[in-house]
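Take a look at the structure set out below.
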Amino acid sequence: MDRLETVRRRFREFAVEYASLPLYGTVSRHVADDAATASLLTEAQPGQARPVLWFAALHDLVLRRPDVPAARWYASVVGRGAVPTGDPWPDIRATVLAHEDELRSTIATRTTQTNEVNRSVYVAAGLSAAVDAVAAQQHRPHRSPDDPASGRVALVELGASAGLLLRVDRYRTTTVSPRGLRTSVGDLGSPVLCEGVDRSARRRALQPLPEVVARVGVDRHPVALDDEDAVRWLLACLWPDVPGRVERFEAARQVLRANPPPLLQGDLVDDVARAVDAVLDGAARAGGADHVVVYSSWALTYVARDRRFALVDQLARAARTVPALTWLTAEPPGCVPGLPDDPRAAAGLTVLGLRAWSGGVEARARVLGVAHPHGAWVDTW
Ligand SMILES: C[S@@+](CC[C@H](N)C(=O)[O-])C[C@H]1O[C@@H](n2cnc3c(N)ncnc32)[C@H](O)[C@@H]1O
C-alpha cells in the first residue's frame, strides 16, 4: 500500500473510533476521502504519520492565526460556548489548502508531544498508595482514610514533558464514585480541576496526599512553560473537542508559570540517578525527605525493552542511598519489568504499578489497579 493510501486508511479508522467528536470525527471522515488534504501527512517522519499529527499541525496554525476560516471551529480559539454547529469541513479544507506549505513543513519537522494534567487523578491515587506501601514495609500503623499521609516525599518524574504532573499537590483532584460520592485531595482552592470516576470496589482510590518537599523532572525534550512556541505545540496536540482538556492545561500553565518545576534535560534511564541526586538536594534545602517517589506516566513505553531493565537496576542502586524509594508506574500493560501479569489489565488501559524499596530491600511488586489513559476513571484494588 503506498503512503497516501496508508494515511487515508488511518483517517478512516480514526473517524470510526472518534465518530462522536464533532470536529475531529467529522474532519477525519472527510480527509480520508480527500487526497489533497490527506497527502500532507505523507510528509511525516518515519513512524509519525498518524492523524493526530495532522490535527496538531492544523490546531497549531489556528492558534497562531485565529483569523483563518478554520479557527471558528476551535473551542481553544473562540471559547467552548462559541463553537458553531454545522459542518466544519468547508472552512477546514479551505484553510488547509491555503496554508499547505506551512502545514507540510510542520508535519515534516514535528512529532506529537503531550502533558495531560488530568492524569493527576491516577498520579494522586498512586502517590498515597506508595506512601502506604512504605509505611507497611516499615511496620508503621495503617492510617485511617482521612488522615493525611505521613512522611515527606520528594518526587522525580521520568518523561515529565512540561512538568505539569509534578505539581499534583497544587491541583484540586476529585474522584466521583458511581453512587455520586465525591473525594477531593490536593489544593482544594486551586483553579486547576482534575476529575475522574472512581470505580474501585474495595477502598477509595484517592487518599489525602503526603507533603511534597521537592520535585524534579527529567525529559529528553523538556518544555519550558515560558517557551511560547513549545507550549503552543503542547496545546496544539490536545484535542479541542474534548471538554475541559484545553482549559485544564491553560489553568495549570498559569498556576505553574511563576514557579515551574525544575526539569533536567536528559535520558530517563541514563539520567535517573542525576535526577534523584537533584531532588535530594532540593529536599535537603527544605528540611529533608524520607521517601523518594519516582514515577513515569506514559513515558517508559517509549523506551526500548532492554533499557527498561537498565532503569530498574539504576533505581535499585539509588534505593540503597535513601530510607525509602518507590517507583510508581502508569504505563500500558506489559511495559514495566517485574510487575505481575494481571488479567484485568487490558490493551488500551493504563496499568498502575508499584515497586517499593525500604532500606534498599525490595517488597513484592504490585499492580495497584488500572485507569483511563487520561484519568477519566480509575479502578484500584
Ligand atoms: C506521552 S509524553 C507523557 C508526558 C507526561 N508524563 C504525561 O503523562 O503527561 C512522553 C514523554 O516522555 C519523554 N520521553 C520519551 N522517551 C524518553 C527518554 N528516553 N528519556 C527522557 N524522556 C523521554 C517524551 O519527550 C515526552 O515528554
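Laboratory data are not the source of any read-out in this text; all were calculated from the coordinates shown. Keep in mind that this is a model prediction, so the values were computed, not measured. Don't worry about glycine lacking a Cβ; one is built from the backbone with ideal geometry, like all the others, and counts go over all protein chains shown.
Simple point charges give the picture: +1 on the Cβ of Lys and Arg, -1 on the Cβ of Asp and Glu, and for the stretch 3-109 a dipole about the Cα centre of about 220 debye. For the stretch 323-331, the Karplus equation 6.51 cos²θ - 1.76 cosθ + 1.60, evaluated at θ = phi - 60°, returns couplings of x, 8, 9, 10, 10, 9, 10, 9, 9 Hz by residue, with Gly and Pro reported as x. If you plug the beta carbon distance of Asp281 and Phe309 into 1/(1 + (r/R0)^6) with R0 = 22 Å, you get a FRET efficiency near 0.20. As a calculated quantity, the FRET efficiency between Gln48 and Trp381 at R0 = 35 Å, using C-beta atoms, amounts to about 0.45.
A crude spin-label estimate for the pair Tyr302 and Gln265, with each label 7 Å from Cα along the Cβ direction, gives 1.5 nm. The Kirkwood radius of the stretch 115-241, taken over pairs of alpha-carbon atoms, gives through the Stokes-Einstein law at 25 °C and 0.890 mPa s a diffusion coefficient of 155 µm² s⁻¹. Backbone geometry of the stretch 30-37 corresponds, through the Karplus equation with coefficients 6.51, -1.76 and 1.60 at θ = phi - 60°, to 3J(HN,Hα) couplings of 6, 4, 4, 9, 10, 4, 4, 8 Hz, x marking Gly and Pro.
Which value results for Rg/Rh of the chain when Rg is the Cα radius of gyration and Rh the Kirkwood radius based on the inverse mean 1/r?
For the chain, the value is 0.99.
Hey, if you put +1 on the Cβ of every Lys and Arg and -1 on every Asp and Glu Cβ in the chain, which of Gln48, Val131, Val153 ends up farthest toward the positive end of that dipole? With unit charges placed on the Cβ atoms, the residue in question is Val131. Modelled spin labels at Val361 and Thr321, positioned 7 Å past Cα toward Cβ, are 2.3 nm from each other.
For the stretch 49-174, the Kirkwood estimate of the hydrodynamic radius, built from every pair of different alpha carbons, is 18.4 Å. In the chain, Cα pairs under 8 Å separated by at least six residues give a relative contact order of 17 percent. Restricting the trypsin sites (Lys or Arg not before Pro) of the stretch 313-375 to loop positions (DSSP other than H, G, I, E, B) with no more than 14 neighbouring Cβ atoms within 10 Å leaves Arg320, Arg344, Arg364.
Value of Rg to Rh for the stretch 3-109, rounded to two decimals, is 0.94; Kirkwood radius and Rg both from alpha-carbon coordinates.
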